[in-house]
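Inspection log for the structure reproduced underneath, given as C-alpha coordinates.
The values are calculated or read from the model by the stated rules, or taken from the named source; none is laboratory data. Note that the structure is predicted; figures quoted are calculated from it, not measured. No Cβ is skipped: glycine too gets one built from the backbone with ideal geometry, and neighbour counts run over all protein chains shown.
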Amino acid sequence: MSSARPERIKSIRPLRARLDRHAAPVSSGAIEVGYLHVDGVRLRYARSEGTGDPILMCNGIGANFELLMPFVEALKGRRIVLFDVPGCGQSEASLFWPTLRRYANFAVGLLDALGHSGAFSVAGVSWGGGLAQQIARDYPDRVQHLILMATSPGILMVPGRLSALLLMMSPIRYFSPRFMARNASTIYGGEMQGHLGRAARYASKARPPAVHAYFQQLYAIFRFTSLPWLHKLKCPALILCGDDDPLIRPSNAYILAALLRDARLHFIRGGGHLFLDMQADETARVIEQFLVEKTPGAKR
(Lines give C-alpha, C1' and ligand atoms only; values in the text may rest on other atoms or scores of the structure.)
Protein backbone atom coordinates (compact mmCIF):
# COMPACT_ATOMS: atom_id res chain seq x y z
CA MET A 1 0.00 0.00 0.00
CA SER A 2 1.21 3.50 -0.84
CA SER A 3 0.19 6.64 1.01
CA ALA A 4 0.71 10.23 -0.17
CA ARG A 5 0.42 13.49 1.67
CA PRO A 6 0.81 16.18 -0.98
CA GLU A 7 1.00 19.86 -0.21
CA ARG A 8 0.96 22.88 -2.49
CA ILE A 9 3.88 25.26 -2.42
CA LYS A 10 2.81 28.72 -3.52
CA SER A 11 5.48 31.15 -2.39
CA ILE A 12 9.18 31.72 -2.87
CA ARG A 13 11.21 31.82 0.33
CA PRO A 14 14.96 31.75 0.90
CA LEU A 15 16.56 28.35 1.20
CA ARG A 16 19.08 27.79 3.96
CA ALA A 17 21.21 24.76 4.59
CA ARG A 18 20.24 23.19 7.90
CA LEU A 19 22.25 20.49 9.55
CA ASP A 20 19.22 19.60 11.66
CA ARG A 21 17.50 18.49 8.41
CA HIS A 22 14.40 20.64 8.86
CA ALA A 23 12.37 21.03 5.67
CA ALA A 24 13.64 23.65 3.26
CA PRO A 25 10.89 25.25 1.16
CA VAL A 26 10.56 24.35 -2.47
CA SER A 27 10.32 27.11 -5.02
CA SER A 28 7.07 28.54 -6.33
CA GLY A 29 4.61 27.36 -8.93
CA ALA A 30 2.23 24.46 -9.13
CA ILE A 31 4.53 22.00 -7.38
CA GLU A 32 3.09 19.13 -5.37
CA VAL A 33 5.35 17.84 -2.61
CA GLY A 34 4.59 14.71 -0.64
CA TYR A 35 5.72 11.34 0.64
CA LEU A 36 5.12 7.79 -0.56
CA HIS A 37 6.23 4.42 0.74
CA VAL A 38 8.00 2.40 -1.98
CA ASP A 39 9.41 -1.03 -1.15
CA GLY A 40 9.03 -0.17 2.53
CA VAL A 41 11.00 3.10 2.34
CA ARG A 42 9.40 6.52 2.79
CA LEU A 43 10.44 8.67 -0.19
CA ARG A 44 9.88 12.37 -0.66
CA TYR A 45 8.80 13.48 -4.11
CA ALA A 46 7.86 16.60 -6.01
CA ARG A 47 5.63 16.76 -9.05
CA SER A 48 5.04 19.73 -11.35
CA GLU A 49 1.90 20.28 -13.36
CA GLY A 50 2.16 19.95 -17.11
CA THR A 51 1.12 18.03 -20.18
CA GLY A 52 2.34 14.88 -21.87
CA ASP A 53 4.12 11.88 -20.42
CA PRO A 54 6.03 12.62 -17.22
CA ILE A 55 9.76 13.23 -17.10
CA LEU A 56 11.41 11.33 -14.25
CA MET A 57 14.39 13.31 -12.95
CA CYS A 58 17.33 11.49 -11.34
CA ASN A 59 19.60 13.69 -9.23
CA GLY A 60 23.31 13.69 -8.46
CA ILE A 61 24.96 11.83 -5.61
CA GLY A 62 23.79 12.91 -2.16
CA ALA A 63 21.66 15.72 -3.58
CA ASN A 64 18.20 16.88 -2.54
CA PHE A 65 15.70 17.78 -5.23
CA GLU A 66 15.62 21.50 -4.33
CA LEU A 67 18.85 21.73 -6.33
CA LEU A 68 16.88 20.87 -9.48
CA MET A 69 14.16 23.49 -9.03
CA PRO A 70 15.68 26.17 -11.32
CA PHE A 71 15.53 23.66 -14.17
CA VAL A 72 11.99 22.56 -13.31
CA GLU A 73 10.85 26.17 -13.41
CA ALA A 74 12.63 26.72 -16.73
CA LEU A 75 11.07 23.68 -18.43
CA LYS A 76 7.59 25.17 -18.37
CA GLY A 77 4.55 23.14 -19.35
CA ARG A 78 6.16 19.74 -18.81
CA ARG A 79 5.07 17.26 -16.16
CA ILE A 80 8.17 16.47 -14.09
CA VAL A 81 8.59 14.05 -11.21
CA LEU A 82 11.53 14.45 -8.83
CA PHE A 83 12.46 12.45 -5.76
CA ASP A 84 15.08 12.14 -3.05
CA VAL A 85 16.76 8.74 -3.08
CA PRO A 86 16.81 6.88 0.26
CA GLY A 87 18.83 8.80 2.82
CA CYS A 88 18.99 12.03 0.82
CA GLY A 89 16.94 15.19 1.20
CA GLN A 90 13.98 14.20 3.33
CA SER A 91 13.65 10.60 2.18
CA GLU A 92 14.04 7.93 4.81
CA ALA A 93 17.43 6.27 5.08
CA SER A 94 17.47 2.52 4.69
CA LEU A 95 19.98 -0.31 4.88
CA PHE A 96 19.94 -2.29 1.64
CA TRP A 97 22.42 -3.79 -0.81
CA PRO A 98 22.97 -0.84 -3.16
CA THR A 99 22.87 -1.35 -6.90
CA LEU A 100 21.60 0.99 -9.59
CA ARG A 101 18.97 -1.63 -10.42
CA ARG A 102 17.65 -1.33 -6.85
CA TYR A 103 17.56 2.47 -7.14
CA ALA A 104 15.78 2.09 -10.48
CA ASN A 105 13.11 0.00 -8.77
CA PHE A 106 12.61 2.76 -6.19
CA ALA A 107 12.31 5.42 -8.91
CA VAL A 108 9.86 3.58 -11.16
CA GLY A 109 7.96 2.24 -8.16
CA LEU A 110 7.41 5.84 -7.11
CA LEU A 111 6.11 6.72 -10.59
CA ASP A 112 3.70 3.80 -10.44
CA ALA A 113 2.50 4.79 -6.97
CA LEU A 114 1.79 8.29 -8.29
CA GLY A 115 -0.43 6.81 -11.00
CA HIS A 116 2.07 7.12 -13.86
CA SER A 117 2.09 3.47 -14.89
CA GLY A 118 2.60 4.05 -18.61
CA ALA A 119 5.21 5.69 -20.80
CA PHE A 120 7.65 8.27 -19.45
CA SER A 121 10.92 9.99 -20.26
CA VAL A 122 13.88 9.73 -17.91
CA ALA A 123 16.55 12.36 -17.33
CA GLY A 124 19.61 12.08 -15.13
CA VAL A 125 22.43 14.36 -14.08
CA SER A 126 25.85 13.15 -12.90
CA TRP A 127 25.27 10.05 -10.68
CA GLY A 128 21.64 10.24 -11.74
CA GLY A 129 22.75 9.81 -15.34
CA GLY A 130 23.92 6.31 -14.49
CA LEU A 131 20.58 5.66 -12.83
CA ALA A 132 18.74 6.98 -15.89
CA GLN A 133 20.67 4.58 -18.12
CA GLN A 134 19.78 1.69 -15.82
CA ILE A 135 16.10 2.67 -15.89
CA ALA A 136 16.13 2.84 -19.69
CA ARG A 137 17.62 -0.65 -19.78
CA ASP A 138 15.24 -2.17 -17.23
CA TYR A 139 12.04 -0.55 -18.60
CA PRO A 140 12.58 -0.37 -22.38
CA ASP A 141 8.88 -0.58 -23.22
CA ARG A 142 8.07 2.45 -21.08
CA VAL A 143 11.01 4.83 -21.54
CA GLN A 144 10.33 7.10 -24.52
CA HIS A 145 13.32 9.45 -24.22
CA LEU A 146 16.65 9.29 -22.39
CA ILE A 147 18.30 12.58 -21.36
CA LEU A 148 21.81 12.39 -19.93
CA MET A 149 23.53 15.42 -18.41
CA ALA A 150 27.07 15.76 -17.07
CA THR A 151 27.44 12.00 -16.85
CA SER A 152 29.35 8.98 -18.14
CA PRO A 153 28.88 5.26 -18.90
CA GLY A 154 29.84 4.44 -15.31
CA ILE A 155 33.06 3.33 -13.66
CA LEU A 156 34.70 2.57 -17.04
CA MET A 157 35.03 6.18 -18.11
CA VAL A 158 37.60 8.81 -19.02
CA PRO A 159 38.35 10.12 -15.52
CA GLY A 160 38.03 13.75 -14.57
CA ARG A 161 40.57 15.85 -12.71
CA LEU A 162 41.95 14.06 -9.68
CA SER A 163 41.50 17.12 -7.43
CA ALA A 164 37.78 17.21 -8.24
CA LEU A 165 37.26 13.45 -7.97
CA LEU A 166 38.91 13.24 -4.55
CA LEU A 167 36.61 15.91 -3.16
CA MET A 168 33.61 13.91 -4.38
CA MET A 169 34.61 10.86 -2.33
CA SER A 170 33.18 12.45 0.82
CA PRO A 171 29.82 14.17 1.51
CA ILE A 172 31.52 16.90 3.58
CA ARG A 173 30.45 19.61 1.11
CA TYR A 174 26.82 18.96 2.05
CA PHE A 175 27.55 19.35 5.76
CA SER A 176 29.60 22.53 5.42
CA PRO A 177 28.26 25.27 3.11
CA ARG A 178 31.54 27.10 3.69
CA PHE A 179 33.52 24.09 2.46
CA MET A 180 31.30 23.75 -0.59
CA ALA A 181 31.56 27.42 -1.47
CA ARG A 182 35.35 27.40 -0.99
CA ASN A 183 35.85 24.30 -3.17
CA ALA A 184 33.04 24.75 -5.71
CA SER A 185 35.29 25.95 -8.51
CA THR A 186 37.57 22.91 -8.07
CA ILE A 187 34.72 20.41 -7.89
CA TYR A 188 32.26 21.87 -10.39
CA GLY A 189 34.27 24.24 -12.63
CA GLY A 190 32.52 26.27 -15.30
CA GLU A 191 30.12 28.85 -13.92
CA MET A 192 31.61 28.53 -10.43
CA GLN A 193 35.01 29.83 -11.46
CA GLY A 194 35.66 33.07 -9.59
CA HIS A 195 32.07 33.37 -8.30
CA LEU A 196 32.04 32.78 -4.54
CA GLY A 197 28.60 34.36 -4.21
CA ARG A 198 27.18 31.99 -6.80
CA ALA A 199 28.77 29.03 -5.02
CA ALA A 200 27.39 30.20 -1.66
CA ARG A 201 23.87 30.48 -3.06
CA TYR A 202 24.09 26.95 -4.44
CA ALA A 203 25.43 25.66 -1.12
CA SER A 204 22.52 27.29 0.71
CA LYS A 205 20.06 25.03 -1.14
CA ALA A 206 21.86 21.79 -0.28
CA ARG A 207 21.02 19.62 2.71
CA PRO A 208 23.26 16.90 4.13
CA PRO A 209 22.46 13.27 3.30
CA ALA A 210 22.77 10.39 5.71
CA VAL A 211 26.46 9.50 5.58
CA HIS A 212 25.88 5.80 4.97
CA ALA A 213 23.41 6.66 2.17
CA TYR A 214 26.11 8.67 0.37
CA PHE A 215 28.47 5.70 0.50
CA GLN A 216 25.68 3.40 -0.66
CA GLN A 217 25.41 5.55 -3.78
CA LEU A 218 29.18 5.51 -4.24
CA TYR A 219 29.23 1.73 -3.94
CA ALA A 220 26.43 1.36 -6.48
CA ILE A 221 28.11 3.56 -9.11
CA PHE A 222 31.51 1.91 -8.57
CA ARG A 223 29.92 -1.38 -9.65
CA PHE A 224 28.10 0.05 -12.66
CA THR A 225 29.01 0.26 -16.32
CA SER A 226 26.66 0.57 -19.28
CA LEU A 227 29.31 0.02 -21.95
CA PRO A 228 28.28 -3.59 -22.78
CA TRP A 229 24.61 -2.77 -23.41
CA LEU A 230 24.21 0.91 -24.32
CA HIS A 231 23.95 -0.01 -28.00
CA LYS A 232 20.81 -2.03 -27.24
CA LEU A 233 18.79 0.97 -26.04
CA LYS A 234 16.32 1.97 -28.73
CA CYS A 235 14.82 5.18 -27.32
CA PRO A 236 16.04 8.55 -28.62
CA ALA A 237 18.75 10.01 -26.40
CA LEU A 238 20.07 13.49 -25.73
CA ILE A 239 23.51 13.91 -24.19
CA LEU A 240 24.34 17.27 -22.63
CA CYS A 241 27.82 18.13 -21.38
CA GLY A 242 29.51 21.27 -20.15
CA ASP A 243 32.69 22.18 -21.96
CA ASP A 244 34.42 23.08 -18.65
CA ASP A 245 33.41 20.19 -16.38
CA PRO A 246 36.30 18.94 -14.21
CA LEU A 247 34.40 15.81 -13.14
CA ILE A 248 33.07 14.58 -16.49
CA ARG A 249 35.39 15.12 -19.41
CA PRO A 250 33.77 15.74 -22.83
CA SER A 251 35.25 12.44 -24.05
CA ASN A 252 32.59 10.62 -22.01
CA ALA A 253 29.80 12.45 -23.82
CA TYR A 254 31.30 11.41 -27.16
CA ILE A 255 31.43 7.79 -25.96
CA LEU A 256 27.77 7.86 -24.92
CA ALA A 257 26.73 9.42 -28.21
CA ALA A 258 28.73 6.88 -30.23
CA LEU A 259 27.26 3.86 -28.46
CA LEU A 260 23.61 4.88 -28.28
CA ARG A 261 21.56 4.06 -31.40
CA ASP A 262 19.71 7.34 -31.73
CA ALA A 263 21.68 10.01 -29.90
CA ARG A 264 22.09 13.75 -30.14
CA LEU A 265 25.06 15.47 -28.49
CA HIS A 266 25.03 19.07 -27.28
CA PHE A 267 27.71 21.00 -25.39
CA ILE A 268 26.80 23.81 -23.01
CA ARG A 269 29.21 26.66 -23.63
CA GLY A 270 31.04 27.67 -20.45
CA GLY A 271 29.20 24.93 -18.60
CA GLY A 272 30.66 23.18 -15.62
CA HIS A 273 29.25 20.21 -13.77
CA LEU A 274 26.29 22.28 -12.56
CA PHE A 275 25.11 23.74 -15.86
CA LEU A 276 21.66 22.27 -15.22
CA ASP A 277 21.28 24.73 -12.36
CA MET A 278 23.49 27.58 -13.54
CA GLN A 279 22.23 27.62 -17.14
CA ALA A 280 18.74 26.27 -16.53
CA ASP A 281 17.04 28.29 -19.29
CA GLU A 282 19.49 27.20 -21.98
CA THR A 283 19.38 23.59 -20.82
CA ALA A 284 15.58 23.62 -20.81
CA ARG A 285 15.51 25.13 -24.31
CA VAL A 286 17.70 22.34 -25.72
CA ILE A 287 15.70 19.62 -23.97
CA GLU A 288 12.35 21.04 -25.05
CA GLN A 289 13.52 21.15 -28.67
CA PHE A 290 14.70 17.54 -28.43
CA LEU A 291 11.42 16.34 -26.90
CA VAL A 292 9.34 18.08 -29.55
CA GLU A 293 11.42 16.76 -32.43
CA LYS A 294 11.54 13.21 -31.04
CA THR A 295 7.87 12.90 -30.03
CA PRO A 296 5.59 11.73 -32.86
CA GLY A 297 2.71 14.14 -33.39
CA ALA A 298 4.13 16.83 -31.13
CA LYS A 299 3.58 20.46 -32.10
CA ARG A 300 6.69 22.23 -33.34
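Selection of the stretch 70-88 for residues being hydrophobic (A, V, I, L, M, F, W, C), over 22 Å from Phe215 (Cα atoms) and assigned to a loop (DSSP other than H, G, I, E, B) yields only Leu75.
Listed by position, the helices (runs of 4 or more DSSP H) contained in the stretch 209-300 that have at least 1 residues being touching a His at 6+ places or on another chain (Cβ under 6 Å) are 250-259, 280-293.
Residue by residue, here is whether (1) more than 20 Å from the chain's Cα centre (by Cα); (2) buried (at least 20 other Cβ atoms within 10 Å of the Cβ) holds:
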| residue | (1), (2) |
| --- | --- |
| Ser163 | yes, no |
| Leu166 | yes, no |
| Ile172 | no, no |
| Phe175 | no, no |
| Gln193 | yes, no |
| Ala199 | no, yes |
| Pro208 | no, yes |
| Ile221 | no, yes |
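For Leu131, the test of being in a helix (DSSP H, G or I), touching a Ser or Thr at 6+ places or on another chain (Cβ under 9 Å) and either buried (at least 21 other Cβ atoms within 10 Å of the Cβ) or modelled with pLDDT of 95 or more (or both) is failed.
Those residues that are in contact (Cβ under 8 Å) with a residue 60 or more places away in the chain and hydrophobic (A, V, I, L, M, F, W, C), I need them from the stretch 49-68; list them, please.
Once the filter is applied, which keeps residues that are in contact (Cβ under 8 Å) with a residue 60 or more places away in the chain and hydrophobic (A, V, I, L, M, F, W, C), the stretch 49-68 yields Ile55, Leu56, Met57, Cys58, Ile61, Ala63, Leu67, Leu68.
Scanning the stretch 53-72 for residues that are among the small types (Gly, Ala, Ser) and farther than 11 Å from Gly124 by Cα yields Gly62, Ala63.
The number of residues in the stretch 176-209 being within 16 Å of Gly60 (Cα to Cα) and among the hydrophobic types (A, V, I, L, M, F, W, C) comes to 5. Filter the stretch 73-83 for residues that are surrounded by 24 or more Cβ atoms within 10 Å (Cβ to Cβ) and not aliphatic (A, V, I, L, M) and give the result. Matches in the stretch 73-83: Phe83 only. Counting the residues of the stretch 135-160 that are over 19 Å from Gly52 (Cα atoms), surrounded by 20 or more Cβ atoms within 10 Å (Cβ to Cβ) and among the β-branched types (Val, Ile, Thr) gives 2.
Where residues in the stretch 38-67 are of a type in the set (Ser, Thr, Tyr) and under 24 Å from Ala150 (Cβ atoms), which of them is nearest to the chain's Cα centre (by Cα)?
Tyr45
Residues of the stretch 19-69 that are in a loop (DSSP other than H, G, I, E, B), touching an Asp or Glu at 6+ places or on another chain (Cβ under 7 Å) and at pLDDT 95 or above: Asn64 alone. Would it be correct to say that Phe120 is of a type in the set (Phe, Trp, Tyr) and surrounded by fewer than 21 Cβ atoms within 10 Å (Cβ to Cβ)? Against the criterion (of a type in the set (Phe, Trp, Tyr) and surrounded by fewer than 21 Cβ atoms within 10 Å (Cβ to Cβ)), Phe120 does not qualify.
Scanning the stretch 146-169 for residues that are over 15 Å from Leu260 (Cβ atoms), in a loop (DSSP other than H, G, I, E, B) and either among the β-branched types (Val, Ile, Thr) or without any contact (Cβ under 8 Å) to a residue 40 or more places away in the chain (or both) gives Ile155, Val158. Here Pro70 fulfils each of the conditions (1) surrounded by 24 or more Cβ atoms within 10 Å (Cβ to Cβ); (2) over 12 Å from the mean Cα position of the chain (by Cα) apart from (1). Within the stretch 95-109, the set of residues being hydrophobic (A, V, I, L, M, F, W, C), surrounded by fewer than 24 Cβ atoms within 10 Å (Cβ to Cβ) and part of a helix (DSSP H, G or I) comprises Ala104, Phe106, Val108.
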